Every structure is written in structure tokens, then in C-alpha cells.
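Shown next, in C-alpha cells, is the structure this report addresses.
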Amino acid sequence: MTFNIIGTGNIAWFFGKRLMSGGHHCTGVFGRDTEAARALAEALLSDVYGDISEVKDRDADVCFLAVSDIAIGKVASQLSFKQTVLVHTAGSVSLDSILIASKDSAVLWPAYSILKNNLPAHRNIPCAWEASSNKAERYVQSIGHAITDVMFEAKGEQRKWLHLAAVMSGNFMNHLMAICEKICAENQLPFSIMFPIIEQTFEKVKNSSPAQVQTGPAVRRDTTTIQDHLALLSNHRNWQKIYESVTDSIQTTHKMK
């Protein structure tokens, strides 16, 4: 299979490298940042496109639209394919946003945090897919199997809800840990002290519902400890608001019987 890529970010690198390793050939890369496009093209042994019109002129089997969510519709409006399957890689963007460019369009979104400087080596990365036609479905399935062993169909609103859940379980939790790291640093404590409880938290939810294993002062209605914590956070109003909001959510979820 031949493919080209519009975009030079984390997903572009991940998909490009995985597909190349699977024996597929990249015909070219286009990106607004010429140097970034050249770096990715060199890694994929492909050409660099100087203009987006060159993407349309090349007859690749698949074109990946691996740009920011807000740019997908705008970039798609500059494209027009008759044979090429167009695939965008965003979790929260509708498939309809790229149908203007190709009747054979698809979505392939990894529900996983990808960093191009530390690409995952394993193949158990969940990837959600959606397709507008039988042809697009065949190609997106073939692409997906070259990338991962965990694929599932998630259409429209279902994929948007999944993206929301991924943001809360990944991005939000990472931010909470960043706050913990700062709290430790401000009080001359090593953040590594938190590693066992962080690991324990994620181990527990592998075998149990998170709601069933909730612990802490909020679920116990330990108002004395809660007020002490809020007082400690008095100089960090944003952190204090997060503590208040999460405490309220826990107590609403776990209402007293």
C-alpha cells in the first residue's frame, strides 16, 4: 500500500513509522513547517511536498490527515480525491468533516497518548475506526492491523464520548499528578514517594470498578481533613477549586445510605 501524510506531529510520526515497518511505502509528506516535514520525510524515505496541491497530484492509496482537530475541515476543503482514501486521525472530529474531499473517507484514532520522541513499541494500543464506504473500511482495517492488535469500530457520538473519557482518564489524571509533583517540590519531598500509590491506583481498576474501590476523606465524609487540605491550598486557589470540585463529585457519586 502507498500512503502520504499531511501533518508532522506525533500521530504522523507514529502512523508513518508503523506503516513503513509493515512494508508500506510513503510517497510524500506535507506540512506547514518545512523543516519538520523534511525530518519526517527523511525518516520515512519519502519526498517532501512543497505545496498541498502536490498531495492531490500523487495517486497514493491512502492520504492521512494528521493535523490539529480545528484544522481538519479547513485542510480537507483544499483536497479532492477520486481514488485515494482520506483518513483523519482525531478522536473528537466527525467523519463528515472530510467527506467533501473524498467519498471514501475514514477515521483511525488511537486512544493512547503518542509522543514522537518516545514512540510505543508494543501493539496493544486501542484504535477506534469509522468508515464512509466499503472501500474505506477495507483500507482503514488494513492500516489498523499494521499499527495495532486492538481495533474496534466507534462511530460519531460514540467516538466523541470515548475521546472525552480518554481526556479525563489520561490528560486530567496527568495534570493531577503534575500538581502532586509541585506540592512535593514546594515541601522538599521527593515525588517518587507517590509512585507506589499511583501504581496501586491503576492496578486496582484493572480488576475492579473504580467506583467500588474509592477511598479517601471525601468518600468517608471526613470534613475535618477536607477543611485542613483546603487550608493548605489557600495560596493555590486553582488547586483548591480542583480539590473542592472533585470532593463534591465523589460525595455526590457516593451518597450516604
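Explain nothing, just the number: relative contact order of the stretch 2-154, from Cα pairs under 8 Å at least 6 residues apart, as a whole percent.
Relative contact order for the stretch 2-154 comes out at 20 percent.
Hey, fewest Cβ within 10 Å first, where do Asp47, Asp104, Asp96 land in order?
With the sparsest Cβ surroundings first, the list reads Asp96, Asp47, Asp104.
Which far-off residues, 5 or more places away or on another chain, put their amide H under 5 Å from the one on Thr27, with H placed in the peptide plane?
Amide H to amide H, under 5 Å and 5 or more residues apart or across chains, Thr27 pairs with Phe3, Asn4.
Once a ≥ b ≥ c are taken as the square roots of the eigenvalues of the Cα gyration tensor of the stretch 43-126, is the result rounded (a/c under 1.5), prolate (a/b larger than b/c) or oblate (a/b not larger than b/c)?
Numbers: a/c = 1.89, a/b = 1.33, b/c = 1.42.
Oblate.
Compute the relative contact order of the stretch 159-253 as a whole-number percentage, counting only Cα pairs closer than 8 Å that sit 6 or more residues apart in sequence. Write down the numbers at each step before the final one.
On the way: 26 pairs, mean separation 16.4, N = 95.
It rounds to 17 percent for the stretch 159-253.
Of the DSSP beta bridges with both residues in the chain, give the percent that are antiparallel, rounding to the nearest 5.
20 percent
Ranking Trp239, Trp13, Trp161 by Cβ neighbours within 10 Å, fewest first, what do you get?
Trp161, Trp239, Trp13
Under the definition of Cα pairs under 8 Å and six or more residues apart, what whole-number percent is the relative contact order of the chain?
12 percent
Taking N as the number of residues in the stretch 12-80, what is its alpha-carbon radius of gyration divided by 2.2 N^0.38 Å?
With N residues counted in the stretch 12-80, Rg over 2.2 N^0.38 Å equals 1.06.
Could you check how many percent of all C-alpha pairs in the stretch 78-130 are farther apart than 14 Å?
Values: 790 of 1378 pairs.
Value for the stretch 78-130 (Cα pairs over 14 Å): 57 percent.
Divide, for the stretch 110-211, the radius of gyration over alpha carbons by 2.2 N^0.38 Å, where N is the residue count.
Working it through for the stretch 110-211, the quotient is 1.39.
Compute for the chain: radius of gyration divided by Kirkwood radius, i.e. Rg/Rh, restricted to C-alpha atoms, rounded to two decimals.
1.07
How big is the Kirkwood radius of the stretch 2-154, worked out from every pair of different alpha carbons and given in Å to one decimal?
15.0 Å
With θ taken as phi - 60° and the coefficients 6.51, -1.76 and 1.60, list the Karplus ³J(HN,Hα) couplings across the stretch 152-159 in order, rounded to whole Hz; mark glycine and proline as x.
8, 7, 9, 9, x, 4, 4, 5
On average over all directions, what projected area in square nanometres does the stretch 159-253 have, based on the convex hull of its Cα atoms? Spell out each step's value before the answer.
On the way: hull surface 28.0 nm².
Averaged projected hull area, Cα only: 7.0 nm².
For a label point 7 angstrom out from the Cα of Ser142 toward its Cβ, which stretches of the stretch 70-95 have the backbone nitrogen within less than 11 Å?
85
Could you go through the stretch 240-251 in sequence order and give the Karplus-derived ³J(HN,Hα) for each residue, using 6.51 cos²θ - 1.76 cosθ + 1.60 with θ = phi - 60°, rounded to whole Hz, and x for Gly and Pro?
Working through the residues one at a time gives 4, 5, 4, 4, 4, 5, 5, 4, 4, 5, 4, 5 Hz.
Please determine, in degrees from 0 to 90 and to the nearest 10, the orientation of helix 173-186 with respect to the longest principal axis defined by the Cα atoms of the chain, where the helix direction is its Cα long axis.
50 degrees
None of the figures in this text is laboratory data; all of them are computed from the coordinates on show. All figures in this text were calculated on a predicted structure; none of them were measured in a lab. FYI the Cβ positions are ideal-geometry reconstructions off the backbone, even for glycines, and counts take in every protein chain you see.
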